[in-house]
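Peer 1: Could you have a look at this structure, given as structure tokens, before my questions?
The values are calculated or read from the model by the stated rules, or taken from the named source; none is laboratory data. Quantities reported herein were computed from a predicted structural model and do not represent experimental measurements. Note that each Cβ is placed from the backbone with ideal geometry, even for glycine, and that neighbours are counted across all protein chains shown. Accessible surface areas use protein heavy atoms only, side chains included; no ligands, DNA or RNA. Shrake-Rupley method; radii C 1.70, N 1.55, O 1.52, S 1.80 Å.
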Amino acid sequence: MPLTTAPDTLPRTTGARILDLLLAHHRTTDPTHPTAEAFPYQLRRITDFVRQGAPVVLTLPGFPCKSPNPAKTLGHLPDTGERLSLAFLDTLCARIEAIHPPGARVVICSDGHVFGDLIRVPDEHIDAYADELRALIRESDLRRLSVFDLRDVLGDLPHEAKRAHVHDRYAPTPDALRAEVRSDAQTLALYRGITRFLVEDTTGFTGSRSALQRECRKRAYGVIQRSRAWGRLIADHHPRAVRLSIHPQPVGAAKFGIRLLDAPDVWTTPWHSVALREADGGWTLMPHARARRLGRLVHRDGRPSHFERL
């Protein structure tokens, strides 16, 4: 008699194959190459969707706004870096659909308003960025993607009121966060990475370098508090979703770090950089100042878009 597959094993096998697709783009500082079984949290959630015959829902906090540092970006609106990243996410969902016919969808949880005051970006620039993301998704027919932000939660309340609501309801206390930074290497790396970004992105500071670093270290705690608060709010609104992250994540963590485009630094994102098209047709993210030395600026629809290597 031929061997048959037990009913309960097929969904798990499908779930592992889906997770293999994500693993090809894992953003992590871990040098190992683990299998899907090393990610039980994600595997369990994906398998639940498969068993139910439902689309796999992935939430991705990020795409907040462009860095205000002109040495990094081309302006305050999305450009080719975001366009390529959105197309990558939609294509990833299409690949999942080939394995799991109900497919997958990514909810981009745009978090700029959550900490816009701390990163010193005007709220109107954040609104314009999120609106342009929605337009790019619509115009490019990226039907597997959607954008979720504070307007979907708290409507037309003033931005400061929205931030206060999220912070008061969901943020960890400063003491708890400081204790975690002292005791957890991953949180310490995140704190240092955000502090570095804040130092780089602060313009017009009139004090000393050491004073700027002290001020940015303080703001970094606030950014992590708000980021944690936003993550908890997302979990409330999308409780079954697989949580992705644009930050590097260790193997087996509850969040799965995902790389959107190639970059020499694992912390680089499209909103902190510009896209450079290489001679072979590939793309790399890098700071505006470096791309300008290596390539020529290309415009699209009357706006700066990306660089092409000379």
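Peer 1: If we keep just the residues of region 144-159 that are acidic (Asp, Glu) and surrounded by fewer than 17 Cβ atoms within 10 Å (Cβ to Cβ), which is nearest to CYS109 (Cα to Cα)?
Peer 2: Once the filter is applied, the top-ranked residue is ASP152.
Peer 1: Criterion first (more than 17 Å from the chain's Cα centre (by Cα), touching a residue at least 24 places away in the same chain (Cβ under 8 Å), more than 20 Å from ILE119 (Cβ to Cβ) and outside any helix (DSSP H, G or I)) does ARG143 satisfy it?
Peer 2: yes
Peer 1: Also, quick follow-up: What number of residues in region 207-236 are out of contact with any helix residue (DSSP H, G or I) (no Cβ under 9 Å at 6 or more places or on another chain) and open to solvent by less than 40 Å² (accessible area, probe 1.4 Å)?
Peer 2: 2
Peer 1: List the number of the failed condition for LEU3; all other conditions in (1) at pLDDT below 95; (2) open to solvent by less than 10 Å² (accessible area, probe 1.4 Å); (3) of a type in the set (A, V, I, L, M) hold.
Peer 2: (2)
Peer 1: Additional query: If you check LEU136, LEU198, LEU190, LEU150, which single one turns out to be under 19 Å from the mean Cα position of the chain (by Cα), under 25 Å from TRP267 (Cβ atoms) and at pLDDT 95 or above?
Peer 2: LEU136
Peer 1: Got a number for residues in region 98-140 being open to solvent by 10 Å² or more (accessible area, probe 1.4 Å), among the small types (Gly, Ala, Ser), assigned to a helix (DSSP H, G or I) and in contact (Cβ under 8 Å) with a residue 24 or more places away in the chain?
Peer 2: Matching residues across region 98-140 total 1.
Peer 1: Further, regarding this structure: Among the residues of region 21-47, which ones are of a type outside the set (Ser, Thr, Tyr), within 12 Å of ALA254 (Cα to Cα) and either open to solvent by 60 Å² or more (accessible area, probe 1.4 Å) or part of a helix (DSSP H, G or I) (or both)?
Peer 2: ALA38, PRO40, GLN42, LEU43, ARG44, ARG45 - these are the residues of region 21-47 that are of a type outside the set (Ser, Thr, Tyr), within 12 Å of ALA254 (Cα to Cα) and either open to solvent by 60 Å² or more (accessible area, probe 1.4 Å) or part of a helix (DSSP H, G or I) (or both).
Peer 1: While we're here: Run down ARG259, ARG240 and say which single residue is open to solvent by 40 Å² or more (accessible area, probe 1.4 Å) and modelled with pLDDT of 95 or more.
Peer 2: Just a single option satisfies the conditions, and that option is ARG240.
Peer 1: I would also like to ask the following. Residue under question is ARG309, and the condition is that it be closer than 18 Å to PHE88 by Cβ and open to solvent by 20 Å² or more (accessible area, probe 1.4 Å); does it hold?
Peer 2: Here the answer is no, as ARG309 does not meet what is asked.
Peer 1: Among the residues of region 265-281, write down those that are in contact with a helix residue (DSSP H, G or I) (Cβ under 9 Å, 6 or more places away or on another chain) and either closer than 22 Å to HIS299 by Cβ or at pLDDT 95 or above (or both).
Peer 2: Hits for region 265-281 are PRO270, TRP271, HIS272, SER273, VAL274, ALA275, LEU276, ARG277.
Peer 1: Residue check, PRO78 against (1) open to solvent by less than 10 Å² (accessible area, probe 1.4 Å); (2) not in a loop (DSSP other than H, G, I, E, B), all met but one. Which one?
Peer 2: Here PRO78 meets the rest and fails (2).
Peer 1: So which pairs qualify, if the first residue must be in region 215-232 and without any contact (Cβ under 8 Å) to a residue 40 or more places away in the chain, the second must be of a type in the set (Ser, Thr, Tyr), the Cβ gap must be under 6 Å, and the two must be at least 6 apart or on different chains?
Peer 2: Sorted first by the residue in region 215-232, then by its partner, the pairs are CYS216/THR195; ARG217/THR195; ALA220/TYR191; ALA220/THR195.
Peer 1: Quick check, is ARG83 open to solvent by 40 Å² or more (accessible area, probe 1.4 Å), part of a helix (DSSP H, G or I) and in contact with a Ser or Thr (Cβ under 8 Å, 6 or more places away or on another chain)?
Peer 2: For ARG83, the condition - open to solvent by 40 Å² or more (accessible area, probe 1.4 Å), part of a helix (DSSP H, G or I) and in contact with a Ser or Thr (Cβ under 8 Å, 6 or more places away or on another chain) - is met.
Peer 1: Scanning region 160-197 for residues that are open to solvent by 30 Å² or more (accessible area, probe 1.4 Å) and outside any helix (DSSP H, G or I), which turns out nearest to ILE126 (Cα to Cα)?
Peer 2: THR173
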